[in-house]
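Step one of this worksheet: look at the structure below.
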Amino acid sequence: MADEEEQTNVSREDDGVFAKRDGQSENEDFYSWDWKTIKAAITGGAAVAGDQDARLLDLIDPQTLRVASTYFDHAEKTMENVATSLRQHAEALAGEDGAWKGPAAKQFLAKMQTFAQHLEANAEVLRGQDGTGDNSNVRIKLYDNGNWLAWAQNAVNTIDHHYAAVARARGVGKTEDDLVTVSEDPEVVEAMTTAMRNVLIQLSGNYGWHVPDPGSVNVTPVDGGNSKPPDLDPPPLDETPPGGDGPPDVDGPPG
């Protein structure tokens, strides 16, 4: 079992063991965790005294993953819609049948088409290989992770209640806060820790996924030709403003 002083992912307090917001751990280092650390990492807290449901939900909430999935879905669809609209409007203005002709129109159209390709490419990063069994679809994976986390929370809570009942049946007492002191029965502690660790193994395995970095998206710019509009001479700096030396005097309001 890991030394409590060395664990950086939980905070051990008088009223329970709680997950840290900035807690970090290496892959598979949870094999050395005790049951309190495992449960706190999944539900937000363990051996918690009193009603602290709001605190636990604030620390770890599966619904936040589901909500995030809808935001990514919105971002993906927005980029696709903007790309389509941008391309259609640019074509209508400067395309083959557009009213704007000449080198500047070609450059404008090429820029808009390239920008639309960038939007579509980044939408593809979020979408991944949807429908092919690939797990890189951000929306689907986030929602799936939220469901897995909710399952894991329910599982460790069920395990906790079960082994608390087992410990009570074996003669273990309670604290002033009505918590079963399962630590008095090492066999129960070992069985409960193993059961919770198996839940965490399944949960952590589901979180092993990769999404390509949007910065790695490469788009070949559309060629708009090498010509460009001619340079225009700036207006003379000493040109007299239209209308002579200045605006005429204006009478004030009638008294």
Odd one out for Q63 among (1) at negative phi; (2) touching a Lys or Arg at 6+ places or on another chain (Cβ under 6 Å): (2)
Test set (1) among the small types (G, A, S); (2) modelled with pLDDT under 90; (3) open to solvent by 30 Å² or more (accessible area, probe 1.4 Å) - A19 fails condition number: (3)
Residue identified as without any contact (Cβ under 8 Å) to a residue 40 or more places away in the chain and in a helix (DSSP H, G or I) among A195, A150, A110, A155: A195
Counted residues, region 151-195 - those being in contact with a Lys or Arg (Cβ under 6 Å, 6 or more places away or on another chain) and closer than 15 Å to K39 by Cα: 1
Set T70, T8, T84, T78: member being modelled with pLDDT under 90, surrounded by fewer than 19 Cβ atoms within 10 Å (Cβ to Cβ) and farther than 18 Å from A152 by Cβ: T8
Residue check for E76: in a helix (DSSP H, G or I), in contact with an Asp or Glu (Cβ under 7 Å, 6 or more places away or on another chain) and in contact (Cβ under 8 Å) with a residue 40 or more places away in the chain: no
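The values are calculated or read from the model by the stated rules, or taken from the named source; none is laboratory data. Please read these numbers as outputs of a predicted model, since none were measured by experiment. As a convention, Cβ positions derive from the backbone with ideal geometry for all residues, glycine included, and neighbour counts pool all protein chains shown. Just so you know, the surface numbers come from the protein's heavy atoms only, side chains and all, with ligands and any DNA or RNA stripped out. Shrake-Rupley method; radii C 1.70, N 1.55, O 1.52, S 1.80 Å.
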